[in-house]
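Visitor: Okay, here's the structure, questions in a sec.
Any read-out appearing in this document is the output of simple, stated calculations on the displayed coordinates, not a laboratory observation. What you see is a predicted model, and the numbers here were worked out from it, not measured in a lab. Counting neighbours? That spans all protein chains shown, and the Cβs are built from the backbone with ideal geometry, glycine included.
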Amino acid sequence: MNLTENKLYTSTDLQAEIHIADSVSVMIHDEADILTKVTFGKWASLKYFGYFQTESKLNKLFHINGEENNCEVYALLSSKGENITAKIEGRLESSGSKLNMHIVSFVSDGWLIDLDGIVNITEGIEKVEGYLTEENIFVGQSGKVRGLPTLLVHSDDVKAAHACNMERISDDKLFYLRSRGLPREDATVLMLESYIAKVFGDLEEVNEELYTNIKERILERIKHK
């Protein structure tokens, strides 16, 4: 599938493999286990927003193989009622390109997120940047996360970094908000909304209705299932 228009594509538009044409800038909103690979033409750019809560094994490859590409990957995984296994890889193979991957996981009691987040900078390229951030938010006491962020650098002329954060939504974390009169549930929602905004904030500027719908579904799922 060849993407040739500068616009927002949603899950119903996607196929297993897509290619972004030369000089095209697109956004993708993905909630289905359909898309597996993205490739790039010259000077192509992508902002990808994924939300997943499925037991299926997710595989997403962003193969940055054009010239002077820009790829931003934002994904939120939510385990409540199922375990999630996911591999999300950004593979940099073109000089002058930049990749930023930010993955947030909401982990509920009794469930597991098994995540391989990978930034792979291949040899023989120059003037590239690759960044990976993973944030794991435990909503409860007994959820589990397995896997570490992986940064593979095979070239010299690069800027690259990776980070992983673990945080539990606890009474201590909520003390400030609760001391201002907010009930525990409302304070928890407020904290979770800040993480949702990290992932989908740029989507809100393009389609506020879609952003609001995603946010409400994520919060409803966490609060009531």
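Visitor: Okay, which of the range 33-47 sit inside 16 Å, backbone N to the point 7 Å along the Cα-Cβ direction of Asn2?
Guide: Only 39-44 fall inside the zone, counting backbone N under 16 Å.
Visitor: Sorted from fewest to most neighbouring beta carbons within 10 Å, what does the list Leu112, Leu203 look like?
Guide: Leu112, Leu203
Visitor: Classify the range 2-168 as rounded, prolate or oblate from the Cα gyration tensor: take a ≥ b ≥ c as the square roots of its eigenvalues, call it rounded if a/c is under 1.5, otherwise prolate when a/b beats b/c and oblate if not.
Guide: Oblate, since a/c reaches 1.5 and b/c is not below a/b.
Visitor: To the nearest 0.05, what FRET efficiency results for Ser194 and Glu55 with a Förster distance of 35 Å applied to their C-beta separation?
Guide: 0.80
Visitor: Separate question: What is the order of Cys71, Cys164, fewest Cβ neighbours within 10 Å to most?
Guide: Fewest to most other Cβ atoms nearby, the residues stand as Cys164, Cys71.
Visitor: I need to check one value: relative contact order of the chain, counting alpha carbon pairs closer than 8 Å and at least 6 residues apart, in percent.
Guide: Normalised by residue count, the contact order of the chain is 13 percent.
Visitor: Let a ≥ b ≥ c be the square roots of the eigenvalues of the Cα gyration tensor of the range 1-101; is it rounded (a/c under 1.5), or, if not, prolate (a/b larger than b/c) or oblate?
Guide: The shape class here is prolate.
Visitor: Under 1.5 on a/c is rounded, so check that first for the range 76-174, then, if it is not, pick prolate when a/b is larger than b/c and oblate when it is not; a ≥ b ≥ c are the square roots of the alpha carbon gyration tensor eigenvalues.
Guide: prolate
Visitor: For the residues Leu132, Leu210, Leu190, Leu92, what sequence is obtained by ranking on other C-beta atoms within 10 Å, fewest first?
Guide: In increasing order of surrounding Cβ atoms, one gets Leu190, Leu210, Leu132, Leu92.
Visitor: Name the residues of the range 68-93 whose amide N is less than 18 Å from a point 7 angstrom out from the Cα of Val158 along the C-beta direction?
Guide: 68-73, 88-93
Visitor: Strictly over 28 Å apart at the Cα level, which of Lys80/Lys159; Lys98/Lys144; Lys144/Lys198; Lys60/Lys215; Lys7/Lys80; Lys7/Lys198 would you flag in this model?
Guide: From Lys80/Lys159; Lys98/Lys144; Lys144/Lys198; Lys60/Lys215; Lys7/Lys80; Lys7/Lys198, over 28 Å: Lys80/Lys159; Lys98/Lys144; Lys7/Lys80.
Visitor: Between Lys127 and Asn207, what FRET efficiency follows from the Cβ-Cβ distance if R0 is 30 Å, with the result rounded to 0.05?
Guide: Once rounded, the FRET efficiency stands at 0.35.
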